[in-house]
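The structure under discussion appears below in the form of structure tokens.
The values are calculated or read from the model by the stated rules, or taken from the named source; none is laboratory data. All figures in this text were calculated on a predicted structure; none of them were measured in a lab. Note that we place each Cβ from the backbone using ideal geometry, even for glycine, and neighbour counts take in every protein chain shown. All accessible areas refer to the heavy atoms of the entire protein, side chains included, with ligands and DNA or RNA removed. Shrake-Rupley method; radii C 1.70, N 1.55, O 1.52, S 1.80 Å.
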Amino acid sequence: MIELKFKRFTLNQRIQHIIFFTTFILLAYTGFPLKFPDEWWAKWMIASVGGFDNRTLIHHYSGLLMIGVSVYHVIFHLLLEKPRIDVLFNLQDLKDFIQQMRYYLWLSDEHPKFGRYTWKQKFEYFGGGFGAAVMGTTGLIMWFPFDAMKLFPLGVVQIAILFHTWEAVLASLAIFIGHFYDEHFGKFPNFSWITGNISEEEMRHEHPLEYEEAMKDQEIKEEVTETGHRKETGLITVFAKLVFTVIFLAIIVWMLWISYLVLVEAINTYIL
Amino acid sequence: MRAGTGKILVLLFLVGIFLIGVAAAQEGVDESCYHCHSEQVSEFEKSVHFNNNISCTDCHGGDMKISGNVVSLDVMTKNFTGSPSKENLTTFCSKCHQKVTADYEKSIHWEKIQEGRTESASCTDCHGIHNILSSMNQDSPTYRENVPLMCSDCHENETKMQAWYYGIQTDRFDTYKKLYHYKAYLSGGRVLASCSDCHESHDVKPEDDPESSINPANLPATCGKTGCHPGAQNAYVYGGKVHEGKSVYFFSIDVKTLVTYFYILMILFELIFTFGLIFLGMSSNFRILRRKNHD
């Protein structure tokens, strides 16, 4: 039986993803310590990039690169390429969501069948887009506050600062916990962000509707049989997963710590 | 025997006188104050004044020439000035520091002292008394990075603030701590702007004074100081206060509170949603396993 592979990401998209997540990690790494300068990890993290001025430099130029790749993404996928309709939300997503919740809560035995993009992936995609827009705009205002103040009063700059922190926490929670869990921890080792391909098994499991659509035109000689055997997991994979799990847990703890700090500060200032 | 004892006593007395004489000869002129004012003199010896050959009499006046015994009551008649009252302090400092004293005498601090509010800050409240250090010295309270601590000593003190001036806020240091200007310092960078960089050090004036550095009309110039924000001259530095942590109003809507409420809900939702789905996903894996075992 030939092992089929399905193209999920083009080279262009993979490069965009790599630039986006590299700058994202650098921005989080150099941003949060400034927000919470009293925490021990903040001092350690700033020292690890070689001091405060380096931190600022890395943060500014990573941000610029992220704005660049975001603008490129919009221009490329809207203007240079035929825009995809199937990334947009539709009624089916709501039905899928309700069906999935029913399945999770044992109200139904039927798991929804997803197409190319699941409702959660669409959330992540547009959440990421919204986040990049908010962070990019407010970040530029904070980088050049007095140029911004030629157009807006000081209050706008202060609101930009507020947005920048909150959106950073929200985006990091979504990426470092949600996205890491779904796409990298759950599917470990997931190399589709490098190769661009996903396996037939994954295709059939995660995107059955797209799979059926793709296979309709194909002349399939052999009946696809449900293979009982699991993926062979070598010692290296197990070790790698262990390392990934430890890092993942550390990041979760860090993110929860940050969420706790911002929430407590906000609740103390605004609600109590 | 008796005559011998008398001779020895006379001898001891003479030796004693001799020793006191030697001690007196070793005392420098400047150290004569030390006999009584040992604490003040040893503090003074660490100060920038001492290092620049300023002596006690330069501030306290009087005549240091010693006549007769070292421990002489004569000093009382030599016209020394003791510790000055707040109202008179500037006359001490202005002997040398005419310009900064003149600047200080335009400040709200001095204005309040003139009105009889002697709690208000005078030269020595910030600079210290005998142990005055250069503002370039890291141990000095007026060293740039120590200035916020020095100012907050009074300005965070509620009893001090409310005792003499209604409406003065005690959260100025707390709100400053949330700004990039100070956070950069806490993160290991330089202090980018300290209290005195915006409020002036000697010439501190309230916001509503048209000559104040923090009067809205003067803010572009204050922010646009050399080395700070060169583009500030044409900016609108209004519509929000630098120290105002909590609220920013636009068209009578408190946007900051609104944004905060929105994001508190978003983050709580995000946390519940993410961990909820992880939990539900995990439990449904068990369900699949169980079903497989059944089959």
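On full extension, the segment bounded by A:Leu249 and A:Leu209 gains 11.0 nm, given 0.36 nm per residue less the C-alpha separation. Largest mean-square fluctuation among A:Gly234, A:Gly129, A:Gly196, in a Gaussian network model of chain A whose springs join Cα atoms under 10 Å apart, belongs to A:Gly234. Applying a threshold of 26 Å to the alpha-carbon distances of B:Lys178/B:Lys205; B:Lys46/B:Lys205; A:Lys120/A:Lys187; B:Lys86/B:Lys160; B:Lys86/B:Lys246 flags B:Lys46/B:Lys205; B:Lys86/B:Lys246 as lying beyond it. From the largest down, the stretch B:125-220 spans 33, 32, 24 angstrom on the principal axes of its Cα atoms. Note on the stretch A:119-169 and the stretch B:182-252: Cα centroid distance 23 Å, given to the nearest whole angstrom.
Using a probe of 1.4 angstrom and keeping all protein chains present, the accessible surface of the stretch A:5-224 works out to 54 square angstrom per residue. A viscosity of 0.692 mPa s and a temperature of 37 °C, combined with the Kirkwood radius over C-alpha pairs in the Stokes-Einstein formula, give the stretch A:100-154 a diffusion coefficient of 224 µm²/s. In the protein assembly as shown, the C-alpha radius of gyration followed by the widest Cα-Cα span (Dmax) gives 36.3, 141 angstrom.
A compact globular protein would have a Cα radius of gyration near 2.2 N^0.38 Å; the ratio found for the stretch A:5-224 is 1.22.
Of the residues A:Asp38, B:Asp254, the one with the largest accessible area comes first in the ranking A:Asp38, B:Asp254, computed with a 1.4 Å probe on protein heavy atoms. Annotation: extensible slack from B:Phe13 through B:Ala217 equals 65.7 nm (criterion: 0.36 nm per residue apart, minus Cα-Cα distance).
For the peptide A:168-181, the mean number of other protein chain Cβ atoms found within 10 angstrom of a residue's Cβ is 3.
Against chain A, whose longest principal axis is taken from its Cα atoms, helix A:154-173 shows a tilt of about 30°.
Taking A:Ala171, A:Ala160, A:Ala132 in turn, the Gaussian network model of chain A (Cα-Cα springs below 10 Å) assigns the largest fluctuation to A:Ala160.
With a cut-off of 14 Å between beta carbons, the residues surrounding A:Glu167 carry a summed charge of 0, where Lys and Arg count +1 and Asp and Glu -1.
For the chain pair A and B, the buried solvent-accessible surface (1.4 Å probe, both sides summed) amounts to about 4800 Å².
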